[in-house]
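Q: Handing you this structure, nothing more for now.
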Amino acid sequence: MTATASTTAARRRAAALLLAVAAFGAASTGGAHAASAGPGGWQPAGSSTVGSLTGGEGVASRADGSLLTRGLGSIPLRLRFGGWNHVGDPDITSGGYTVDAYQGGDGATSKMFEVTTPSGQSYDYTHPLDAGELLNNSFATVSPDSQWLVEGEWGTMNRLQVFPAPLTNPATPATGGTLPQAGQISLDRSVDNIQGCDFVSATRLVCDSDDDAKDVLQVDLPHALDGTPVTGHVTTLFQVPRTSICSGSFETEGIDYDPKAALLRVEIVSPSVCAVTTTIYNYRPTTG
């Protein structure tokens with residue numbers, strides 16, 4: 001789909017969600033059942049739920065094991081007033097810096113990443129769109145060395161975008177500013193509607209796709225990111241469960257890997273009025 005179509009659809013989903021929250025604030029998804037074991041070395045390890053208004057767009061794990069979630073209700077008013085009306089799947093670096101991905105409306109000519117330090121200071125980094133780049137800013141994930149930021153667009157794509165990690169890469173301004181693109185990750189096969197990615201090692205990412213199957217994918221890199229172009233090998237791992245008392249279309253959202261707990265988390269939003277609650281499915285590696 002085009003950037004315009006996707007952002008219009010996102011606004012419609014947002015309006016529907018807000019209405020559902022008002023009418024059915026305590027609705028249940030009934031989605032607490034774990035999936036059967038799938039290929040790719042990940043074993044289901046239970047599930048939990050969060051409110052979609054503040055948790056239906058993304059999830060990240062803090063060093064203490066607690067979760068940071070993002071939803072439509074998480075966007076600060078100062079950013080809404082600045083035209084940033086969508087927040088994607090966030091990441092928290094090994095140093096405790098939170099990185100959020102923001103996008104604007106259909107006419108946006110830039111995307112923005114906000115970094116919040118462990119002490120609570122926030123800095124905004126704006127990336128003017130390059131030729132052919134979509135305005136969508138679905139997620140942010142930072143490499144284990146805190147030097148490179150990976151981001152995704154929308155629709156059928158054969159790349160992930162790479163930037164110097166704002167604030168933590170010394171090549172970026174120290175207090176916010178303009179963020180140029182670095183060498184991107186080309187994918188050896190196309191992917192659809194990537195909603196989130198996270199690093200499980202310096203050379204491997206896991207991503208979730210809002211395709212028809214709700215696939216979780218693996219992207220293997222030939223070496224750790226260094227700012228130069230690289231090609232990633234894409235493998236399908238498993239599908240996110242779709243279990244709800246409501247019928248209709250599900251939507252995958254954020255994904256997170258907690259290296260301390262060795263726990264992979266994947267979000268999915270149920271259909272209709274059940275969209276007020278997001279289910280987080282947990283997975284552990286079946287091998288070391």
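Q: Taking amide hydrogens as modeled 1.01 Å from N in the peptide plane, which residues meet the under 5 Å criterion relative to Thr231, leaving out close sequence neighbours?
A: HN-HN under 5 Å from Thr231: Ser186.
Q: Hey, how much of the P(r) for the stretch 43-129 falls beyond 16 Å, as a percent of Cα pairs?
A: Taking all Cα-Cα pairs of the stretch 43-129, the fraction more than 16 Å apart is 57 percent.
Q: Please give, to one decimal in nm, the separation of the simple spin-label points placed at Thr54 and Gln181, each 7 Å out from Cα toward the Cβ.
A: Using points 7 Å along Cα→Cβ, the separation is 3.5 nm.
Q: What nm distance separates the two modelled labels at Gln43 and Asp220, each placed 7 Å from Cα along Cα→Cβ?
A: 2.2
Q: Set the Förster distance to 22 Å, then compute FRET efficiency between Asp130 and Ser201 from the Cβ-Cβ distance, nearest 0.05.
A: Using R0 = 22 Å, I get an efficiency of 0.20.
Q: Under Stokes-Einstein, with the Kirkwood radius over Cα pairs standing in for Rh, what whole-number D in µm²/s applies to the stretch 98-214 at 37 °C and 0.692 mPa s?
A: Taking Rh from Cα pairs, D becomes 225 µm²/s.
Q: Rounded to a whole number of µm²/s, how large is the Stokes-Einstein D of the chain at 25 °C and 0.890 mPa s, given Rh as the Kirkwood radius over C-alpha pairs? Present the calculation step by step, with values, prior to reporting the outcome.
A: Numbers: Rh = 18.7 Å.
Using the Kirkwood radius from Cα pairs, D works out to 131 µm²/s.
Q: Can I ask one more? Each label point is 7 Å from the Cα along the Cα-to-Cβ direction; what then is the distance between the points at Arg62 and Arg284, in nm?
A: It is 2.4 nm.
Q: Starting from a Cα-only point model with no solvent, please compute log10 I(q)/I(0) by Debye for the stretch 197-288 at q = 0.23 1/Å.
A: Log10 I(q)/I(0), no solvent term: -1.15.
Q: Can you give me the relative contact order of the chain as a percent, contacts being Cα pairs under 8 Å and 6 or more apart?
A: 21
Q: Take the alpha-carbon centre of the stretch 233-288, take the same for the stretch 53-113, and report the distance between them in whole Å.
A: Cα centres, the stretch 233-288 to the stretch 53-113: 18 Å.
Q: Counting each DSSP H run of 4 or more residues in the chain as -39500 (n - 2.57), what helix-only mean residue ellipticity at 222 nm follows after dividing by all residues, to the nearest 500 deg cm²/dmol?
A: Mean residue ellipticity at 222 nm (helix-derived): -3000 deg cm²/dmol.
Q: Pull up all non-local amide H partners of Gly196: gap of 5 or more, or a different chain, and H-to-H distance under 5 Å with H placed in the peptide plane.
A: When sequence neighbours closer than 5 places are left aside, the close amide H contacts are Asp208.
Any read-out appearing in this document is the output of simple, stated calculations on the displayed coordinates, not a laboratory observation. Predicted, not measured: the structure shown is a model, and the values here were computed from it. Cβ atoms come from the backbone with ideal geometry, glycine included; neighbour counts cover every protein chain shown.
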